[in-house]
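Report on the structure given below.
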Amino acid sequence: MRAIVQDRYGPPGEVLALKEIDRPAPGPGEVLVRVRASSVNTPDWIAITGVPYVLRFQGRVRSGSNVVRGTDVAGVVEELGPEGADRGIGDRVFGSLWTSTFVTAGAFAEFAVVPAERLAPIPAGVGFEEAAASVMSGVTALCAMRDTVQVHEGMKVLVNGASGGVGTFAVQLAAHFGAEVTGVCGTANAAMVRDLGAHHVIDYTRTDFTKGSERYDVVLDNVLNHPPRRTARVLAPGGVLIPNSVGNSGGLLAGLGRMASARMLGSLGRADVRFSPSEANRENLTAVSELLASGVIKAVIDRVYPLQETAQAVAHMLGHHARGNIVISVAKGPRTP
Ligand SMILES: NC(=O)c1ccc[n+]([C@@H]2O[C@H](COP(=O)([O-])OP(=O)(O)OC[C@H]3O[C@@H](n4cnc5c(N)ncnc54)[C@H](OP(=O)(O)O)[C@@H]3O)[C@@H](O)[C@H]2O)c1
């Protein structure tokens, strides 16, 4: 099968290559999915570039190891593993290969093995590309807005980085849960963020939201471009700060330093700081699937790249100005003989 493989860390254009490799075989409780689309997320560019360096300790890429990258998957069930893989051949499914080690994944390929409990059906009327765009971004936003804080009517929610993959879903979900939503984004994305349901938009190129007089019950910070103690100033009494970014600068720690200072702020009792997971399990994927099917949320897709242009897709994400999600279409690439 064709797959995008990596054998060292570095810029995507230098370390990713399209190769013909063996098709993986599903084990117990696993499903072989014929991949139709994937999407690019933060763990993908971290795993490819090896930045922040500190995350390399979670799993090393060895020279010649031909690691296949890609965490989000949408496609068709091709084969079932020996036991417990309760899906039907030919089912349209989407799901996640993400593990916290950053090494194993495998969605940037024609076939991927996925644990059955990390897959859910793609609803009728939703395409593979939209489904792939909704896995990590959609589930992360759902976990933050529904679980980490139970956003409800009457709340004021600010989403920093409202035009990105996670932000576009978070704005839609917060509005759906009845909150008064403020999206922080650049000038070019203001209209889009408003269309997604934001009641107010702050253009970060003109206004620093941390210096405003408005107070919020929830701040979901997908950018961490301000020190957390400054961001915490805009919290209303009892408000919650959700720091959610590894940042976009290189080096040993990148934005992890800001995540650490947010943790410190919480530990010192200066603010209610909560970290939000992205649990792409069957239950959460099914919830995202239902929200897509009912039209409550839609995936904003910046651009679709064919599999052989995965390096360009990852480089685009590394620019940190993607408008919504970046999708890889596996169906579009030319077939190798
Ligand atoms: N908790 C988890 O498990 C989990 C899972 C996935 C992702 N994440 C985190 O979520 C964060 C966001 O992910 P993502 O996929 O949404 O990232 P993303 O798509 O790369 O975000 C790009 C967006 O950020 C906006 N942006 C850039 N600088 C900004 C600024 N100073 N102020 C406001 N907006 C700005 C850009 O808008 P402009 O073009 O207008 O600048 C662009 O639309 C990541 O840092 C990642 O670490 C966490």
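Residue-wise test of (1) crowded, with 18+ Cβ neighbours inside 10 Å; (2) within 15 Å of the chain's Cα centre (by Cα); (3) within 16 Å of the ligand (Cβ to nearest atom); (4) modelled with pLDDT under 95.
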| site | (1), (2), (3), (4) |
| --- | --- |
| THR286 | no, no, no, no |
| LEU307 | yes, no, no, no |
| HIS321 | no, yes, yes, yes |
| ILE326 | yes, yes, yes, no |
| VAL330 | yes, no, no, no |
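Just the residues that are part of a strand (DSSP E or B) and more than 6 Å from the ligand (Cβ to nearest atom), please, taken from region 153-168. Reasoning before the result, please.
Filtering region 153-168 for residues part of a strand (DSSP E or B) gives 156-160, 164.
Within region 153-168, LYS156, VAL157, LEU158, VAL159 meet the criteria.
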> Is there a residue in region 248-263 that is of a type outside the set (A, V, I, L, M, F, W, C), within 13 Å of the ligand (Cβ to nearest atom) and modelled with pLDDT of 95 or more?
Replying inline: no
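Suppose we filter ARG215, ARG206 for residues that are under 25 Å from LEU318 (Cα atoms), out of contact with any Ser or Thr (no Cβ under 6 Å at 6 or more places or on another chain), among the basic types (Lys, Arg) and more than 10 Å from the ligand (Cβ to nearest atom); which single one remains?
Values: ARG215 fails: under 25 Å from LEU318 (Cα atoms).
That would be ARG206, the only listed residue that is under 25 Å from LEU318 (Cα atoms), out of contact with any Ser or Thr (no Cβ under 6 Å at 6 or more places or on another chain), among the basic types (Lys, Arg) and more than 10 Å from the ligand (Cβ to nearest atom).
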>> Yes or no: region 102-111 includes at least one residue that is closer than 27 Å to TYR53 by Cα and of a type in the set (Phe, Trp, Tyr).
In response: yes
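Count, please, the residues in region 124-173 that happen to be among the aliphatic types (A, V, I, L, M) and within 21 Å of PHE209 (Cβ to Cβ). Walk me through how you get there before you give the answer.
Quick first cut of region 124-173, residues among the aliphatic types (A, V, I, L, M) only: 124, 126, 131-133, 135-136, 139, 141-142, 144-145, 149, 151, 155, 157-159, 162, 166, 170-171, 173.
Still in the list and also within 21 Å of PHE209 (Cβ to Cβ): 141, 144-145, 149, 151, 155, 157-159, 162, 166, 170-171, 173.
The number of residues fulfilling the criteria is 14.
Does GLY295 satisfy being more than 16 Å from the ligand (Cβ to nearest atom) and surrounded by 14 or more Cβ atoms within 10 Å (Cβ to Cβ)?
Numbers: more than 16 Å from the ligand (Cβ to nearest atom): yes; surrounded by 14 or more Cβ atoms within 10 Å (Cβ to Cβ): no.
Taking the combined requirement at face value, the residue does not satisfy it.
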>> Quick check on region 201-223. Is at least one of its residues of a type in the set (Ser, Thr, Tyr), surrounded by fewer than 24 Cβ atoms within 10 Å (Cβ to Cβ) and closer than 27 Å to SER96 by Cβ?
In response: no
> With SER267, SER278 as the choices, which residue is touching a residue at least 24 places away in the same chain (Cβ under 8 Å) and among the hydroxyl-bearing types (Ser, Thr, Tyr)?
Replying inline: SER278
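The values are calculated or read from the model by the stated rules, or taken from the named source; none is laboratory data. Predicted, not measured: the structure shown is a model, and the values here were computed from it. Heads up, the Cβs are rebuilt from the backbone with ideal geometry, glycines too, and the neighbour counts pull from every protein chain shown.
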